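Engineer: Can you read through this structure? Questions will come right after.
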Amino acid sequence: MALNLIEAAREICWEQLHTGPWNEVDDAWREAFASTTLSLVKRRMAILDVQNNKTVVKEAKSSPRERKRKRDKSNDKDNALLMKQLHYIDQALMMSPPNSRPLLHKLAEEIHELMIKSVQFDTEPWADNDNDCKLHTSSSTERSCIRRVVDPSMIEFLSIMKKREPVLIVGAMKDWPATSKWRDLSYFRKTCGWRSIPVELGSSYLSTDWSQQIMVLNNFLDNYIRTPVKRQRLDKAPNNGKSIIDPGKKGYLAQHTLFDQIPALRKDILVPDLCALGDEDDDGEVKINAWFGPGGTVSPLHFDPEHNILAQVVGRKKVILYSPKDSEYLYPSPTAMLHNTSQIDVENPDDKKFPLFRRAQPLEVELRSSEMLYIPPGYWHHVRSLSGSFSVSFWFGGQSAPQLSSSDKNNCTDPKLDEESK
């Protein structure tokens, strides 16, 4: 009876979270959803423990072969139940406020440990997609080099920020554990392989074939990241963890607050000290997002309202940038949701439809593993992964893009992120 009441309460919270715009949802409902999820999962885990204890008593009277058969069957059933509980917890973590997360984090880690305790993990390389991802260039014949700086001091970087100058930063990630740990995909399986993550499917968020799907990270690795000739699933995966996959689409974990959801990965990265340098209206917050996908993923030409340090942990990306001064040549979308996104396909521009684009002056850089790219507020940028890639972006310094009016700065939200949060 108590379990049914908890499930009903959680369902009411779920409905409230999906009524109206996400940024208008009262935090009380988000906290209540986290609380009911925690209670529900704890109750179900307690029931599972009782059932397993009874099974052990019954098995004592069976033959060794019969005990093994029953144990394997029981383990498969238990793993399916455990995966469901992890999914519930990840739903709550993606929707709950920070103060509601610590107990959810602890429970998620405990359940994940139970699921991998008997699994053997072999070293797994990233897919070498270089042959599949030829270097894309825009039709513009002029190319400008971005200045390269070596682990700049705070004073040096403050000067760069004031000038609003994009720079390539090298030597600043030498102390990151992620630069070595994340080169082995089995590390993700051991750390968070059965966790649920939001994955974008399709060419880009501007394409008609774009969609989103919540999937288990192991499935994401198997279907989109891992070396194709070695793709295989864990033998004891519950239902093989299968999801419907379109082999013609790219899968991309994009602009997701993965490190809030899975703190074990947060320990592998370091927030650059440079992020402490903000504008006068800076609230001190550093927004950290993960970008994890195969070669060929694309972020269309757009600008962000904050300072951005894009750290490349694994793989390579090509970034094309345009100054805010070129905005009149870049044809921003007339729709409110995409006001910071260009209508132009930079890699295949339509000169007849966008004749002024040829006047824009691009800056181009190939961002490699252990390098950072500083992108000032308002700088337009187009990003393509040239290989399997994991990047981390650090947004800081308020909303100071020159393209934004005062009212825009006060009301600026990312509609794509808003939808992803749900």
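Coordinate-derived values only; no laboratory data. Values in this document were obtained by computation on a predicted structure and should not be read as measured data. Cβ: placed from backbone, ideal geometry, glycine included. Neighbour counts: every protein chain shown.
Engineer: For segment 219-226, take each phi angle, set θ = phi - 60°, evaluate the Karplus expression 6.51 cos²θ - 1.76 cosθ + 1.60, and give the result in whole Hz per residue in order, putting x for glycine and proline.
Structural biologist: 5, 4, 5, 5, 8, 10, 10, 5
Engineer: Okay, next question. Through the Karplus equation 6.51 cos²θ - 1.76 cosθ + 1.60, θ set to phi - 60°, convert the phi angles of segment 206-216 into ³J(HN,Hα) values in whole Hz; use x for Gly and Pro.
Structural biologist: 8, 7, 5, 8, 6, 8, 10, 8, 7, 9, 6
Engineer: Tell me which residues come under 5 Å, amide H to amide H, from Arg147 once H is placed; ignore anything under 5 positions away on its chain.
Structural biologist: Leu168
Engineer: Follow-up question, since we're still on this one. Would you mind computing Rg(Cα) / (2.2 N^0.38 Å) for segment 276-335, counting N as its residues?
Structural biologist: That ratio works out to 1.39.
Engineer: Using +1 on the beta carbon of Lys and Arg, -1 on that of Asp and Glu, and nothing else charged, what's the dipole of segment 245-356 about the Cα centre, debye to 20?
Structural biologist: 740
Engineer: Related question: Taking just the alpha-carbon atoms of segment 344-388, what radius of gyration and Dmax come out, in angstrom?
Structural biologist: Rg, Dmax (Cα atoms, Å): 13.2, 40.
Engineer: Pop out the ³J(HN,Hα) list for segment 355-370 in order, Karplus 6.51 cos²θ - 1.76 cosθ + 1.60 with θ = phi - 60°, rounded to Hz; leave Gly and Pro as x.
Structural biologist: Each residue of segment 355-370 in turn: x, 7, 4, 5, 7, 5, 9, x, 10, 10, 8, 9, 8, 10, 3, 6 Hz.
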